Amino acid sequence: MGQNFFDNEIVFRGYCELRDSDSNCNILMEQPEMAQLLPELKGQCVLDLGCGFGHNCIEFIRRGAAHVTGIDISKKMLTVAQRENSHPDIEYINMSMTDIDRINGCFDLVYSSLAFHYIEDMPKLMADIARLLKKGGILLFSQEHPIYTASENGQGHYLFDELGNKSGFCFSHYQVPGERTDEWFIKGRKYYHRRFSDIANAIAWAGLCIQNVAEPVPDENMITKRPKSDAVHNPLFLIIKAVKL
Ligand SMILES: C[S@@+](CC[C@H](N)C(=O)[O-])C[C@H]1O[C@@H](n2cnc3c(N)ncnc32)[C@H](O)[C@@H]1O
């Protein structure tokens, strides 16, 4: 069972506001790259881990998916999903993805956007996902980038030029995987740092083969909307697409 951080009232309200803004980094950087890597979904069965408000679940139905299962540990997130993104072919389940070894089913796509860094045991998660995927099935996920999760104080250390603009990003403790805590809306957000090799090995040990790795770069639209973004100095997101052979 992971930390149910998003059910905290302050976090939930803050996150709703963040997602309502059209200049957040998910919308500008992470979602476009994830969409490009999606496989053909006509008639496919999809499992979305940490589905949040269900935006992606309903998008999979729009793209022709036959059935979508969305799992989230947060009741508050799923209440919004049921209200705003329900469909007869979407089933939302309130459970932790650490317990998906209890699910039976066979999926063409296991998808997860920005949730895996909340999970401590990545090798187990990958093994559970591999068991749920059909042969030839795809895992597509994004997470906070390991350079971003590395530092033990939960923050990077920005360098500034003489005008006060961010000019660089330093990080520490990259080689020390494990739990981190930081302040995001409230103190005490818990997540897990893994080196890129830990992530790639967990995928390989589960019998999945990496097809694509992406580290989204801010485009002109992002730089216009967020001129002070730090994403030119350090990658915010790591995206991996893998296939079950
Ligand atoms: C940053 S939000 C992303 C939501 C959604 N995937 C999206 O992109 O809009 C992370 C989500 O992961 C969920 N989550 C965190 N830990 C989880 C766990 N152990 N099992 C299932 N969901 C989890 C949170 O409740 C939250 O809804």
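Read-outs throughout are calculated quantities, based only on the coordinates presented, and are distinct from any laboratory measurement. If you're wondering where the values come from, they're calculated on a predicted model, not measured in any experiment. A quick note on method: Cβ atoms are made from the backbone with ideal geometry, for glycine too, and the neighbour counts reach across all protein chains shown.
Taking 20 °C and 1.002 mPa s as conditions, segment 99-205 diffuses translationally at an estimated 137 µm²/s according to Stokes-Einstein applied to its Kirkwood radius (Cα pairs). Here segment 7-98 is assigned +1 on the Cβ of each Lys and Arg and -1 on the Cβ of each Asp and Glu. Its dipole about the Cα centre then comes out at about 180 debye. Separation of segment 153-184 from segment 61-89 is 35 Å, based on Cα centroids. With neighbour counts taken as other beta-carbon atoms within 10 Å, the residues 103, 61 rank, fewest first, as 103, 61.
The Stokes-Einstein estimate for the chain, based on a Kirkwood radius over Cα pairs and taken at 20 °C with 1.002 mPa s viscosity, is a diffusion coefficient of 115 µm²/s. Each helix, a run of at least 4 DSSP H residues, gives -39500 (n - 2.57); summed and divided by the residues of the chain, these come to -7500 deg cm²/dmol at 222 nm.
Extension gain for residue 22-residue 42 works out to 4.3 nm (0.36 nm per residue, less the C-alpha to C-alpha distance). Spacing of the modelled spin labels on residue 221 and residue 83, each 7 Å from Cα toward Cβ, amounts to 2.8 nm. The fewest-to-most ranking of 172, 142 by surrounding Cβ atoms within 10 Å reads 172, 142. Tell me which of 143, 130, 66 sits at the most positive position along the dipole axis of segment 20-147, charges placed on C-beta atoms (Lys, Arg +1; Asp, Glu -1). Of the options given, the answer is 66.
Here's the list of lysines a cross-link from residue 42 could span, going by alpha-carbon distance under 20 Å and ignoring same-chain residues fewer than 8 apart: 134, 135, 241, 244.
Of all lysines in the structure, the ones whose alpha carbon falls short of 23 Å from that of residue 76, not counting any fewer than 8 places away in one chain, are 187, 190.
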